[in-house]
Each structure stands twice: as C-alpha cells, then as structure tokens.
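Read the structure below first, then the notes.
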Amino acid sequence: MISNVKTTNDLAFKIRDLNLHYGDFHALKDIDIDIPRHKVTALIGPSGCGKSTFLRTLDRMQDTVEGAKVEGEILFDGEDIYSKECDVTDLRKKVGMVFQRPNPFPKTIYENLVYGPKVHGITDKKRLDEIVERTLKEVALWDETKDRLHTSALGMSGGQQQRLCIARCLAVEPEVILMDEPTSALDPVATAKIEGLLHDLSGKYTVVIVTHNMQQAGRVSDQTAFFLLGELLEVNSTEKIFSAPDNKKTEEYISGRFG
Amino acid sequence: MKQKVKRKVCKIIAAVAVMSVAAAGFAGCGSSSAGSSGSSADVVIAGSTSVQPLSEALAKEYMKDNSGADIEVQGGGSGQAVKSLSDGIATIGALSREIDDSEKSDVKKTYMIAKDGVAVVVNKDVNVTDLTLDQLKKIYTGKITNWKKVGGDDNKIAVVSREEGSGTREAFTTKTGVLSDNKDNTTKDAVVQSSTGAVNKTVKSTPYSIGYVSLASVSNDTKTVKVEGVAPSESTVLDGTYKIQRPFIYAVGSDVSSETQAFIDYVMSDAGQKQVKKNGFIPVNKDEQ
Amino acid sequence: MYTREKVIEKLIFICAAVSVAAVALITIFIFAQGMPAIQRTGLLKFIFGTDWSPTNGSYGILPLIAGSMAVTIGALIIGIPTGLGCAVFLSEVLDKKQAGFFRSAIELLAGIPSVVYGFFGLAVIVPMIRAVANVFSPDAGATGLSVLAGAIILAIMILPTIVSISVNSIDAVPVTYREASYALGADRRETITKVVLPAARSGIFSSIVLGMGRAIGETMAVLLITGNVAVVPHGIFSPAATMTGTIAMEMSYATAEHQQALFAIGIVLFVIIVILNGAAQAVMKKFGGEAA
C-alpha cells in the first residue's frame, strides 16, 4: 500500500497491519495507528501488553533482538522503514530514543553529547561546542553543568543523567523522540522536571512516550493509545480516552479495574 | 552437643594448619645446593649427569636381584661429586672426568666404570667427513665460519653447543682445546641446547649444522664425522685412537659401607659391564680397572 | 555462635597468611642466595655487562635481559591485536552457541604443557622462519631459532589469557550502552570501537598485563626455540637467550658461584616484574577510572 504523500504531511508515522513475532510468540497483532507530527502520543496499557515492543519497531531497535520478525508497513515520512532502501543509521538519526534507565556512556558529559554528531560526520570543534550548549540549555542542564563539561557523566544524579540522555538524543537534531517509560526510575522532583521538559519539546519534535503512569499520560499527551495483550484496542485524543473511552476494556483499565 | 563437636574440629584443623606451615618453613630453610638432601638410602650416587642414566640403569638391575638394596642416584654435575662425598651426602661420587688435584685429598679410591666417546655429528647435507682437532677448535671458537674452509661447500657453519656445566661439553671443549687456561672459548654465536636429544634434533633439522653428542646417543638422522681420521666406536675409544672421549668414574672416600662396596663390585663385574655395554657405553678392560 | 565465627575467621586468616608467607619466603630466599653474586660482580657490571660466561667467571646479563624483553614485546605485538580481535569476534559476531564452542577451543590452548609448545615450535615454526630468513638474508646462515620463533609461540600461549578475560570484560559492558549508541544512529563497528571497547578497557588491560606476566616467566618453550645464544639480539631472526631459559638450563649443573649468579638473575627478573606490574597499575588508575 503506497501512501499519498499529501495526506502524510501532518503524520510522522503511518502504521498498517503491523505484526511482530519473537520466534513462535505473536507479540504484536495487526496494529494500525497514525502518529501525528509535533504532538505527544502516549502509549498506555498493563505490563507485557506490547507498548514498549511497538515503540521499538519505530526506530528498528528490534533488529538487535535475535529471532524477532516484523511484518506489515511502517511508513516514516511516507517511506517504509523496513524496506531494503532504508538506511537504518539515517533513520535512527531522525528517530531518537530515550530509555527507561538513564544510560549515559561512561565518558564525560561533553563526550556523551558529541558522540551522536561525530558519528554523523560533524568534526568542527566550534560546531560541536555550540551543539553541546544548545542541547544542555534545551533540557535546562546548562547552568548545572557548564563548569564541569569534562567530568564523568556518571557523577550526576539520576534525574540529571536522564536529562543528559534527552540532550544527547537532541544533539543529532531528530524529528521524532521515542521515550520508553523515561521517568519510571526517577524520583517525583526529577519526574516533574522531565514532564515540564516534554511540554517544551513537543512544539519542535514529535514525541511518542510509553508510560505506566496514567496520570502522566493524561498530563503530557495530546493523543493516547491503549494496548492490551499485543493488540491496539483504542487510540483517540487524550481528552476522550480519559473521559469517555469507546472501548469497555479501556474504561476498565483507566479506572483501575485491572493492570 | 553438635556445636561443641564442630568447634573441636575447627580447632584441630587450625592446629594442623599452623603446624604444617611451620614444618614447611623449617624444611624450606634447609640447605640449598642441588642434590644435597639427606637420604636414608644405603647407597647414594651423586655427581655427573652424564653418568646418571648409566648409574640408574645399573642400580635398577642390581636392585632386581638384590631386593633388600636401596640405591639412590642424583645429579648435580661432576663438580659436585667429590663435594657430596666429603659432605657425607653421597657414598659414591660420579664423575665424567678424572678427579683433579684439589679433589685428591677427599678421595681414597677411584674406579673407572665405563668410557664414553663424544661423537661429532653434522647435518646430512654437509659433505665433510673428517675433521682435525684443530679444525674443530677453530670452528667452535668462531675462527672458521664457512664449510669451504674445511673442504666442504660454500655455506656458513651453524654451530650447536651444549650448555655451560654440561659434562659432554666439558669433554669436548677440553679435548679439542676450545677450553684452555680454564677459559671456555666457545663462540658466542653458537646455538645452545640443553640436552643430547635437543642437540640431535637441531642438527638433524638445521642445514649445515654441527654438534656433539654422547656416542651412546648418536642417531641415524645425522652423519658422524671422523676425528683425526678415526671414526668413533667402542674399539677406537678403548684403544685411545678416538681422541674425544671421557672416563666415567666412581670415587669413594675412606669410609666405605658394605652395601656401597657390594654395588661397586657388581658394576665392575662382568654382569655389570654387560649392562654398561647394553646402555651404549663402553665397558672397560679388566686391566684398566 | 560468635566464637565459631571467630574460629572460621582465624582459619581463613591462616590461609591468607600462608600465601603471603610463601611469597615472602621465596623472595627472601632468592635475595639471600643471589645478593652475594651481585656484590661480587658489582651491580652495574652485572646488569649491563654483555659477557655471560660462567665457566670463565664472567657474569654480565644484559644479553639475557634483552632476550627476555625482545620475545615478550614480540609476543605482545602479535598477541594483543590477535587476542582483541578474537575477543571482539567471539563477543559481538558469534551467537552464544558458536561462541561457546570457540571459547572451549581457545581454552584448550591454555591446557597444553609448555614443553609441547616448545616441540611444536621446534618442529613447525623454526623451519618456517629459517626459510623466510634465508629469503631476506641468504648469507646469514639463520637457523630459525630466533626471537621471532619465541615471540610467535609465546603469543599463542598468552592468547587464551587475553581472549578469555577480554571476552568477559566485553560481555560485561551493559547492553544499555550499546542500545544508546545504536539509537543515536551508530553502526556496529562504531559502537564496538567507540563505546564497547573503551568501556571494557580496564578488563582488557588487565588481561594484557596477565599475558605479559606469563610471557616473561615462560621457560620451557623458549628454551627449545630461541637458540639460547647469550648475545644481544640484533633482529627478529637473531637467536637470543632469556633470563628464565638460562636459569633453567644451567641450574642443575651450576656450582656455588654460578648458582648464586643464577639466583641473582632471579632477583633481576623479580624486580622487573614488580616494576612492570606497578607501571600497569599506575596506567590503569590513570585511564581506567571512568570505565564501567
């Protein structure tokens, strides 16, 4: 199915008939969903429902898993990312990911931030310095770190490390930021800081965020998708999902009846 | 009840550990020179490592027929032989050379139990068949470096030597004159191997090489060279025409136990000399004993 | 209850004490036996003298030190890239089952006695080197018994050490680092060279130090294939003598003075190893501080 370029202008991703198997296990079943550009889409659902698995198909991180088989169509900017012509490293430059546990490299703050740009060919020191300053300011870390850019990133607190990871992701100037439960390992203060950050980011980037925390989904997202046992049961505007969801299971999950 | 038993066992283990450490410590503080631990055997032979295999073979045969005998054979080198004797560590000192003047005072009697020739071997592609003692000396001191100087092809000579302290080396260097004024002038370029077997292997596989080994150990993989026109064999060693040879000597002090004398008598007897021959060494004439 | 713990504590203390005591005893022994030889010859003349001829009473060990250093450095030059390459291959390219098979094969290498390595070297490597050396300098009359032979065999001997420990270090690098690298658009090669190996560098470095220790202490194998020529080697095809090989070869025949000199070589070897290990620790501290 070749999509009309005009209609995908406001869509970052268009996913149709997505199925994923881990060996014999059918992890994702017939997923159809649109991810709008420059909006925050939240993916919610109980443990093991496939939301993280789905997230990782969007930047082809499933390629690193042995035995994972992806079928269906995932169009990013109108192009099928699983086609042979698609350059994975270029895809991942445009679609960045932030992980559940902060994972800065065991290098300095500076080296963490310039790693991505260097991989993509930027060697001019002035440009790199500028990237470092810009991204740290975007995540409100600049004042805290400007005097210790060349100390180890592992010396920062958990919340700071996660913001650093977001900055690192921003350093390659992606279009999309995928976030896999980014605050579940952090304390409430750090969590609040990052949620505030999401708000600022969504104007410039498309954000897809997996979260266990429904209140968080309600706070930060424009659109919410509910997953259960590998299936996408409902996707709607966040307002609708949380006030009057179409699907009964969605309603039960939201009201805490299970999950 | 169980607790008490466990505690007792722990205490015992601790005590045993402490005692074994102490014992190891005391044992370690003992004498350090090679082959010098006190032995309870009736007959202890110490000295030349060249003689050692022969002594071991003789001892084995002797102990077969005399089950009560207890003979121990050690090495240490010819240099240690008389010293072990005078220190009371050995009852027989074994040497692959004559005793020298400084050793005479500690030795009451010597027995020549066998003779050994030192054969000069070359790699199969060397077509020189005869060398003089002087030529050997020049080769081994580095004065002659090419086979063409001694009648062979134009090829560099690869010299193989034994290690310092080897009795075989001492015999070779003494008889050829490489050792003179107590100075061993073996060329520094000589490759050194630490056993007869290694020398054989090296000469066999290295083109244009030359080495020396005990006559008993000559192998078919190398060519044997005549020295001063004489090929090494049992008869040429016995009549002295093959120059590079050495005596195997048992030396005893003034206090000779009956067991020691019995063994020496066996070695010097026909049965013992038969064993000497069996092991590839040269038995001595009755009149030279 | 408390007394039982005390007893166990004392017991394991004794075990530790025994180990330390053993090292101390050996060290004291070597120094006690060897110092007279160094005093007799004079420290500088002993270490820098180029004439090792015990039967002539000359004890200069510079050629031996040079020989040991030459084969060890040669072994590292060959062994480190090979070992690291192997470790990366095992860790990153092969799947678990294949990697397990390869690792068992490499670890078999560690079980081979060093004298067997020596014979293998003598039978296979030495003739090959002789052939190559004769191509380069036909008149030199090279026998193949050489620094190069020693370096090659030692490299094979230390391979299991380097590979095994490096593989462990590389495997221990958290998968999250690799994921972060891939997520930023790096390919596999970049991820391995820029993230994984630097993160594993402290373990890799330890493996190299351990390998170096094994190489410098190796005796039997080098004895058979380096030629034991006590002359400072002037090229990779030159024969050489190592400190360990010389001690092993001459100890059984050595008389008092010679024997003390051999122990003195032991002292020098000991000091060199202490210095090397110390330097390695210092380097590790400086560069390994940030590693995971």
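The values are calculated or read from the model by the stated rules, or taken from the named source; none is laboratory data. All values derive from a computational prediction rather than experimental measurement. Positions of Cβ are backbone-derived with ideal geometry, glycine not excepted, and every protein chain shown enters the neighbour counts.
List of remarks:
- Some residue of segment A:215-237 being more than 26 Å from residue A:122 (Cβ to Cβ), in a helix (DSSP H, G or I), in contact with a Lys or Arg (Cβ under 7 Å, 6 or more places away or on another chain) and without any contact (Cβ under 8 Å) to a residue 60 or more places away in the chain: no
- Of the residues A:124, A:90, the single one that is without any contact (Cβ under 8 Å) to a residue 24 or more places away in the chain and facing chain C (nearest Cβ under 8 Å) is A:90.
- Across segment B:135-163, the number of residues qualifying as farther than 17 Å from residue B:213 by Cβ and away from chain C (no Cβ under 11 Å) comes to 13.
- Matching residues in segment C:56-84 - criterion: being over 17 Å from residue C:269 (Cβ atoms) and free of Cβ contacts under 8 Å to residues at least 24 places away in the same chain: C:56, C:58, C:81
- Within segment A:1-119, helices (runs of 4 or more DSSP H) holding 2 or more residues that are within 16 Å of the chain's Cα centre (by Cα) and farther than 30 Å from residue C:198 by Cβ: A:51-55
- For segment B:70-91, the tally of residues that are over 26 Å from residue B:182 (Cα atoms), more than 13 Å from chain C (Cβ to nearest Cβ) and not charged (D, E, K, R) stands at 6.
- From the options C:40, C:4, residue that is charged (D, E, K, R), within 8 Å of chain B (Cβ to nearest Cβ) and farther than 26 Å from residue C:237 by Cα: C:4
The rows are residues; the columns are (1) touching a residue at least 60 places away in the same chain (Cβ under 8 Å); (2) surrounded by fewer than 16 Cβ atoms within 10 Å (Cβ to Cβ); (3) at the interface with chain B (Cβ under 10 Å from one of its Cβ atoms).
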position: C:217; (1), (2), (3): no, yes, no
position: C:223; (1), (2), (3): yes, no, yes
position: C:226; (1), (2), (3): yes, no, yes
position: C:236; (1), (2), (3): yes, no, no
position: C:250; (1), (2), (3): yes, no, yes
position: C:268; (1), (2), (3): yes, no, no
position: C:279; (1), (2), (3): no, yes, no
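- Sole residue being within 13 Å of another protein chain (Cβ to nearest Cβ) and either touching a Phe, Trp or Tyr at 6+ places or on another chain (Cβ under 9 Å) or at pLDDT below 95 (or both), chosen from C:195, C:167: C:195
- Taking the criterion of being farther than 24 Å from residue C:249 by Cβ and either within 14 Å of another protein chain (Cβ to nearest Cβ) or touching a Leu at 6+ places or on another chain (Cβ under 6 Å) (or both), the residues of segment B:92-104 that qualify are B:100, B:102, B:103.
- Residue check for residue A:211: surrounded by 14 or more Cβ atoms within 10 Å (Cβ to Cβ), closer than 20 Å to residue A:182 by Cβ and hydroxyl-bearing (Ser, Thr, Tyr): yes
- Note on segment B:67-160: enclosed strands (runs of 3 or more DSSP E) holding 1 or more residues that are surrounded by fewer than 20 Cβ atoms within 10 Å (Cβ to Cβ) are B:71-76, B:109-122.
- Taking first residues from segment A:58-85 that are within 14 Å of another protein chain (Cβ to nearest Cβ) and without any contact (Cβ under 8 Å) to a residue 40 or more places away in the chain and partners that are aromatic (Phe, Trp, Tyr) and in a loop (DSSP other than H, G, I, E, B), the Cβ contacts under 8 Å between residues at least 6 apart in sequence or on separate chains come to A:60/A:82.
- Single residue of segment B:164-185 satisfying the filter (surrounded by 24 or more Cβ atoms within 10 Å (Cβ to Cβ) and polar (S, T, N, Q)) that is farthest from the other protein chains (Cβ to nearest Cβ): B:176
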